[in-house]
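Contents: one structure, followed by commentary.
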Amino acid sequence: MTNYTGGIILTPIEQLKFSIDYWDVKIKQDIVSQQELVDLGVPATSLQFQTVRGAPVLLPVVTAACQNNLSACPSQLTPVGLIAYQVFPYVNATQTEVNGIDVGMESHVDIGSAGRLSATLNYSHMFHYYLTPPGGSAIDLAGTHGPTGVSGDTGNPKDRAVLTLGWDRGPWNVTATVNYIGSFNLTDPSVGIDTCGESIVSEDRWVGTYTGPQSFCTVDHFTTADLYAEYTVSEHFRVHASILNLFDTQPPLDLQTYGSAGNYSNAFSDAGAIGRFFNLGFTYTL
């Protein structure tokens, strides 16, 4: 694996700091299942999938005379045992390279007797997600749903961001957080799904050509806001409360993922499926 980064930090004034970093990670000889290699276009005939069978068993031989009464059919030992399982071994085969930039901003301002304000922004943008199958060319999956064989088919949005706004005054601390996941399309070029229609037909096993709304061809961006408040009663006792998904934002529709019980990504938009969530508690330390 090779990994390199480079960046710069700027502090134009004491209350403000900017940072930007470029990163590139390349992993050679990824560990993948041989079944995944078949999905990536490697001929199954060049791979070995061991089939493990049990012992031969007695099964009824159904004839016209006993088809309505199987208990009356004569039994015969099967020539081979029934299939117990098939082995799909892991191999070192593919290559992955991911690169992009991270941008950060931090600011804090004292507002006298009204307390202190702070803000933090972290933004990440993926330029490329290259997947190279054995003997093939690099396939860019950034902004697509690929690779479908990894992590429950969650997809690879190019953009993600977290914005945090805080206020402190005496025993009070209030923080608001905005979480953003960018949109991405349903295609997966690594397995030959190059259009929206192919993706939806492939996932749902429909027959024919998809002619539905084109809005279903993209997993929309997902933005939620969380609110947290804490009050320090004493050195040993604190009360805290939070509201997750403050505006009860619904998860965007995802017709490609198989990693959740519904048509949404539980990796990126689980908060939308749960809905607005309240929490109230206290902390006591000796």
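Yes or no: Leu16 among the hydrophobic types (A, V, I, L, M, F, W, C), touching a residue at least 60 places away in the same chain (Cβ under 8 Å) and in contact with a helix residue (DSSP H, G or I) (Cβ under 9 Å, 6 or more places away or on another chain)? Quick ask: steps written out before the conclusion?
Numbers: among the hydrophobic types (A, V, I, L, M, F, W, C): yes; touching a residue at least 60 places away in the same chain (Cβ under 8 Å): yes; in contact with a helix residue (DSSP H, G or I) (Cβ under 9 Å, 6 or more places away or on another chain): no.
Against the criterion (among the hydrophobic types (A, V, I, L, M, F, W, C), touching a residue at least 60 places away in the same chain (Cβ under 8 Å) and in contact with a helix residue (DSSP H, G or I) (Cβ under 9 Å, 6 or more places away or on another chain)), Leu16 does not qualify.
When the residues of the stretch 21-72 are filtered to those that are charged (D, E, K, R) and part of a helix (DSSP H, G or I), the one that is surrounded by the fewest Cβ atoms within 10 Å (Cβ to Cβ) is Asp39.
When you scan the stretch 73-123, how many residues do you find that are closer than 30 Å to Pro171 by Cβ, surrounded by fewer than 14 Cβ atoms within 10 Å (Cβ to Cβ) and in contact with a strand residue (DSSP E or B) (Cβ under 8 Å, 6 or more places away or on another chain)? Selection size over the stretch 73-123: 4.
Evaluated against (1) crowded, with 17+ Cβ neighbours inside 10 Å; (2) modelled with pLDDT of 95 or more; (3) outside any loop (DSSP other than H, G, I, E, B), Leu131 falls short on exactly one condition, (2). Candidates Gly149, Gly100, Gly81: the one that is at pLDDT 90 or above, part of a loop (DSSP other than H, G, I, E, B) and of a type outside the set (Ser, Thr, Tyr) is Gly81. In the stretch 143-163, the residues that are surrounded by fewer than 20 Cβ atoms within 10 Å (Cβ to Cβ) form Cβ pairs under 6 Å with partners that are among the charged types (D, E, K, R), at six or more places apart or across chains, as follows: Gly149/Glu36; Gly149/Asp39.
Condition check ((1) in contact with a Lys or Arg (Cβ under 7 Å, 6 or more places away or on another chain); (2) within 26 Å of Asp102 (Cα to Cα); (3) modelled with pLDDT of 95 or more; (4) among the aliphatic types (A, V, I, L, M)) across all residues:
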{"position": "Ile9", "(1), (2), (3), (4)": "yes, yes, yes, yes"}
{"position": "Asp21", "(1), (2), (3), (4)": "no, yes, yes, no"}
{"position": "Asp30", "(1), (2), (3), (4)": "no, yes, no, no"}
{"position": "Gln34", "(1), (2), (3), (4)": "no, no, no, no"}
{"position": "Val38", "(1), (2), (3), (4)": "no, no, no, yes"}
{"position": "Gln48", "(1), (2), (3), (4)": "no, no, no, no"}
{"position": "Val52", "(1), (2), (3), (4)": "no, no, no, yes"}
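Each residue in the stretch 152-178 was checked for being within 23 Å of the chain's Cα centre (by Cα) and either farther than 26 Å from Thr224 by Cα or not in a loop (DSSP other than H, G, I, E, B) (or both), and 8 pass.
Listed conditions (1) at pLDDT below 95; (2) closer than 29 Å to Thr164 by Cα; (3) among the aliphatic types (A, V, I, L, M) are all met by Ala241, apart from (1). Could you check the stretch 214-286 for strands (runs of 3 or more DSSP E) lying wholly inside it with 2 or more residues that are of a type in the set (Asp, Glu)? The qualifying strands (runs of 3 or more DSSP E) are 222-232.
The values are calculated or read from the model by the stated rules, or taken from the named source; none is laboratory data. Here the structure is a predicted model, which is why all the values come from computation and not from measurement. Quick reminder, even Gly has a Cβ in these numbers, built from the backbone with ideal geometry, and neighbours come from all protein chains shown.
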